[in-house]
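Q: Got a structure for you, questions after.
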Amino acid sequence: MPVNNEENPIENPHRGDYDGRVEGRLAVVEKRVSAVEVDVAVIRTSFATKEDVQSLRNEIHALSERVLTALHEQKLEFNQALASQREDFYAALARQGEQFHGALAEQREEILAALARQREEVFAALAKQREEFHAALTKQREEFHAALSRQRDDLHAALAKQRDEFLAALTKQRDEFQAALTKQRDEFLAALTRQGNELHAALSRQREDFNAALADNRIDLYKMQMAHMWKLYGFASLLIGGVYFIARYVH
């Protein structure tokens, strides 16, 4: 992009659309106005004549009008170029939208077709895998039933053997327990007989001792009763004598 300078004019009749050089042109205009102001200042300091000042003022006024005219034309050209560019952009956008919708519809159809093919392939693979799974499951179930039958037979045989051994051991233990129980019962009965005989003998001795002690206690009790009776008889005699004495000698 060429740069504006003092040799380049502000107007560019060969290019009507906006070329982005307005800022540069305004800078050139400002520079020229500054130069004109400097010239005016030099003229004033040099005692320029009134005609020179008037001609310079006319030139500045013409330059300003030319600048304003150029700016207005540039603005009109810029607006026209912007409107044309906007219309081109909208048209290109519409064409691009139509192309995008067409490509999108085509891609959607391709995706749907690919999805349909993939779904059919998946269903076929799933059906094949299901059949293989059912076959493997059937085979595994048969092997499991066979192994379970063998294990059940082995378990029954082991249980039968263990039951026979347990019954034999239980029978042997019952016989030993009954023999030991019989022996212990005989010993217990013998000990119980001896203890009963000893208890009867002790009870007999204790009964005899109790009868002897009871007879002694009965005799002692009789003697004590007789002593109390004699004491009571003496007290009654004394009481009767006292009453008689009082009744006879007091009254």
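Here is a yes/no grid of residues against (1) farther than 30 Å from E30 by Cα; (2) loosely packed, with under 10 Cβ neighbours inside 10 Å; (3) β-branched (V, I, T); (4) modelled with pLDDT of 85 or more:
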| residue | (1), (2), (3), (4) |
| --- | --- |
| T69 | no, no, yes, no |
| K75 | no, no, no, no |
| S84 | yes, no, no, yes |
| F89 | yes, no, no, yes |
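Q: Further question on the same structure: Give V29, V36 a once-over and let me know the one that is modelled with pLDDT of 70 or more, within 30 Å of L82 (Cα to Cα) and in contact with a helix residue (DSSP H, G or I) (Cβ under 7 Å, 6 or more places away or on another chain).
A: After ruling out the rest, the residue left standing is V29.
Q: Using the structure shown, decide if A247 is assigned to a helix (DSSP H, G or I) and surrounded by fewer than 10 Cβ atoms within 10 Å (Cβ to Cβ).
A: So A247 fits the description; yes.
Q: Report whether or not S55 is surrounded by 10 or more Cβ atoms within 10 Å (Cβ to Cβ), of a type in the set (S, T, Y) and within 21 Å of R25 (Cβ to Cβ).
A: No: the conditions fail for S55.
Q: Within segment 49-63, does at least one residue satisfy the condition of being assigned to a loop (DSSP other than H, G, I, E, B) and not acidic (D, E)?
A: Checked segment 49-63: at least one residue is assigned to a loop (DSSP other than H, G, I, E, B) and not acidic (D, E).
The values are calculated or read from the model by the stated rules, or taken from the named source; none is laboratory data. None of the values given here were measured: they were computed from a predicted structure. So basically every Cβ, Gly included, is an ideal-geometry build from the backbone, and we count neighbours across all protein chains shown.
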